[in-house]
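Enquirer: Okay, handing you the structure first.
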Amino acid sequence: MIRLLAMALVDLAAALLPARLGHWGEAMRRETGEIAAPAEALRFAFGCLRGAIGEAMRVHGGDGAMWHGRGWVGFCAIGATGLGIAYMAIGGAPFGYPLRNLAALLIGFLAVGIVTHLPRTRLLAAGPVLLALGLFLLAASLLGVSNEGATRWISIYGLSIQPSLVLVPVLAIGFAAVRDRLSMLGVIAAAGALALQPDRAMAGALAAGLAALALVRPERKVWLALLAASAGSVATLLQPDVQPAMPFVDQILFTAFAVHPLAGLMVVAGSLLLLVPARARWGRDPGYAVFGALWLAIVLAAALGNYPTPLVGYGGSAIVGYLLSMLGLPKAIGATDGVADLPRREAEHGVLRTSIA
Amino acid sequence: MVRNRSLSPAARNLLAILLEAGENWSHGYALGRAAGIKSGTLYPLLIRLEGQGHLEAQWQPPSEPGRPARHAYRLSADGRALARELLRGVAPALAGKPA
């Protein structure tokens with residue numbers, strides 16, 4: 001079993017390496033196979049995976065520190081969804097589950113592509129868009145589908161969608177990019193919506209994202225938005241939130257290990273993969289700070305309570321939401337981040353910062 | 001761009017082991033153990049060295065029938081010269097050189 005795990009890890013390492021380093025992946029694989037002690041082979045394979053991730057990031061980024069942050073969101077979404085599909089296959093999930101996650105991945109990319117190509121108009125400026133998203137979440141909380149006292153879903157052709165997982169990430173990250181009055185009102189509306197639902201996980205995630213933003217951009221509008229999100233989060237804690245755990249959706253960070261150690265490892269690796277894009281410029285670009293804090297909070301909530309495990313668990317809302325996150329992020333991550341770089345950085349910023357803003 | 005960055009202990013150990021091996025070929029696992037570095041550090045270093053032309057790598061036929069071929073490494077002539085300089089601490093480190 002341990003040897004099998006070691007070989008699976010080193011296979012993953014080989015797959016992550018860029019094509020031109022393919023022979024190195026094969027070298028790692030064969031070397032791992034030569035190690036007699038299974039535990040030692042596992043340690044060696046873990047190291048190979050760590051090295052391969054580093055090489056993949058370095059090569060994709062070129063020799064400078066320039067690499068595409070938004071591209072990494074897409075890459076990590078594919079990786080995490082793929083690991084989740086593998087976990088579901090090992091765990092014997094219904095055939096439709098992985099297919100729906102795959103469909104959500106395609107829909108997410110399609111949505112990003114469509115939004116990226118929208119014309120620049122006044123109505124599609126960041127402020128009105130983010131306010132509209134906040135109000136839509138509020139409407140979903142009031143008119144959506146209820147279950148066990150919570151109203152946080154909408155039904156489209158019989159498919160249950162959680163709008164907060166789709167829209168809160170892009171709303172918070174978009175606010176990090178454009179911190180105007182309308183955007184702030186959009187965030188406050190979202191905080192109210194999450195308090196009404198109630199949804200402790202997403203309310204906590206929104207507050208965590210805004211707290212990270214307040215650390216790097218301590219401005220009045222940010223503090224107001226954080227205050228609203230914190231109040232909303234406290235409100236969710238004061239209400240009962242007793243959703244039962246759904247198989248392949250909730251609590252899988254632990255239960256996957258009972259299915260198979262490899263399945264557990266895939267779920268954990270997929271969850272960690274979600275945070276990789278934030279690692280690049282945490283603390284330097286506000287969008288990445290919000291991105292990291294928000295998705296970390298969503299993963300932690302899934303570990304601690306009956307909340308969907310994003311991307312690796314069954315459920316398309318988080319997949320689409322994760323991909324939409326990239327709309328508020330800069331296109332490219334530069335090595336430098338000084339005042340002199342501001343005009344260039346603004347030019348590189350994401351859709352919510354240029355096309356719509 | 002070449003930067004003057006000090007050689008990491010892992011790179012120093014690896015170069016020392018490869019230099020000592022001379023024209024003999026070494027395998028990845030044995031190299032890591034001899035140099036006291038983990039595979040997550042070893043392979044990026046080897047990849048970098050090979051990319052810069054300081055390392056020769058080849059697939060060696062299996063020692064026993066039924067076993068797979070293994071990747072083996074040794075320093076090139078340039079690599080040995082560079083290693084000698086680096087280990088004396090007079091040349092720019094590998095980390096700063098373009099791959």
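Enquirer: Efficiency by 1/(1 + (r/R0)^6): what FRET value for A:L272 and B:E85, r their Cβ-Cβ distance, R0 = 41 Å, to the nearest 0.05?
Expert: Numbers: r = 40 Å, r/R0 = 0.97.
That pair, A:L272 with B:E85, gives E of 0.55.
Enquirer: Still on this structure: What would the Debye formula give as log10 I(q)/I(0) at q = 0.11, 0.13 Å⁻¹ for the alpha-carbon point model of chain A, no solvent?
Expert: -0.74, -1.01
Enquirer: Given the options A:A195, A:L159, A:V216, identify the residue whose Cα lies farthest towards the positive end of the charge dipole of segment A:68-348 (+1 on Cβ of Lys, Arg; -1 on Cβ of Asp, Glu).
Expert: It is A:V216, whose Cα lies furthest towards the positive end.
Enquirer: Counting pairwise Cα distances across segment A:135-213, what percent come out greater than 14 angstrom? If you can, show how the numbers build up before the last one.
Expert: On the way: 1792 of 3081 pairs.
The proportion of pairs with Cα distances above 14 Å equals 58 percent.
Enquirer: Give me Rg/Rg_expected for segment A:1-63, where Rg uses Cα atoms only and Rg_expected = 2.2 N^0.38 Å with N residues.
Expert: Details: Rg = 11.5 Å, N = 63, 2.2 N^0.38 = 10.6 Å.
In units of the 2.2 N^0.38 Å rule of thumb, it is 1.08.
Enquirer: So for A:V320, A:V216, fewest C-beta neighbours within 10 Å to most, what's the order?
Expert: With the fewest neighbours first, A:V320, A:V216 line up as A:V216, A:V320.
Enquirer: Using the number of other C-beta atoms within 10 angstrom as an exposure proxy, rank A:T121, A:T309, B:T41, A:T255 with the fewest first.
Expert: On the way: A:T121 9, A:T309 28, B:T41 21, A:T255 17.
Sorted ascending by nearby Cβ count, the order is A:T121, A:T255, B:T41, A:T309.
Enquirer: Given segment B:9-89 reduced to its alpha-carbon atoms as identical point scatterers, what log10 I(q)/I(0) does the Debye formula return at q = 0.19 Å⁻¹?
Expert: With no solvent term, the Cα-only Debye profile gives -0.77.
Enquirer: Follow-up. At A:R20 and A:A89, where each label point lies 7 Å from the Cα along Cα→Cβ, what is the point-to-point distance in nanometres?
Expert: Taking the two extended label points, one gets 3.0 nm.
Enquirer: Kirkwood Rh over alpha-carbon pairs of segment A:147-268, then Stokes-Einstein at 20 °C and 1.002 mPa s: what D in µm² s⁻¹, rounded to an integer?
Expert: On the way: Rh = 15.7 Å.
Roughly 136 µm²/s, to the nearest whole number.
Enquirer: Still on this structure: For a Förster distance of 41 Å, can you work out the FRET efficiency between the beta-carbons of A:M246 and A:T121, rounded to the nearest 0.05? Spell out each step's value before the answer.
Expert: Numbers: r = 41 Å, r/R0 = 0.99.
Rounded to the nearest 0.05, the efficiency is 0.50.
Enquirer: Using the 10 angstrom Cβ neighbour count as an exposure proxy, how do B:Y43, A:Y288 rank, fewest first? Before the final figure, lay out each step's value.
Expert: Values: B:Y43 29, A:Y288 25.
The most exposed by this proxy come first: A:Y288, B:Y43.
Enquirer: Still on this structure, please answer the following. What is the list of residues in segment A:289-315 whose amide nitrogen lies under 11 Å from a point 7 angstrom out from the Cα of A:L215, following Cα to Cβ?
Expert: A:289-290, A:292-294
Enquirer: Kindly list the residues of segment A:253-281 that lie in the label zone of A:I78, defined by a backbone N under 18 Å from the point 7 Å along the Cα-to-C-beta vector.
Expert: Output list for this probe position: A:270-271, A:273-278.
Enquirer: For segment A:36-52, in order, what is each residue's ³J(HN,Hα) by Karplus, 6.51 cos²θ - 1.76 cosθ + 1.60 with θ = phi - 60°, in whole Hz (x at glycine and Pro)?
Expert: Per residue, the Karplus-derived 3J(HN,Hα) values read 6, 7, x, 5, 5, 4, 5, 4, 4, 5, 4, x, 4, 5, 4, x, 5 Hz.
Enquirer: Mind checking the dipole of segment A:68-348: about its Cα centre, +1 per Lys or Arg Cβ, -1 per Asp or Glu Cβ, Debye to the nearest 20?
Expert: Working: 17 positive and 11 negative charges, 121 e Å.
Result for segment A:68-348 is approximately 580 debye, rounded to the nearest 20.
Quick note: the coordinates plus some simple rules give every number you see, no bench work behind them. Since we're looking at a predicted model, the values are computed, not measured. Quick reminder, even Gly has a Cβ in these numbers, built from the backbone with ideal geometry, and neighbours come from all protein chains shown.
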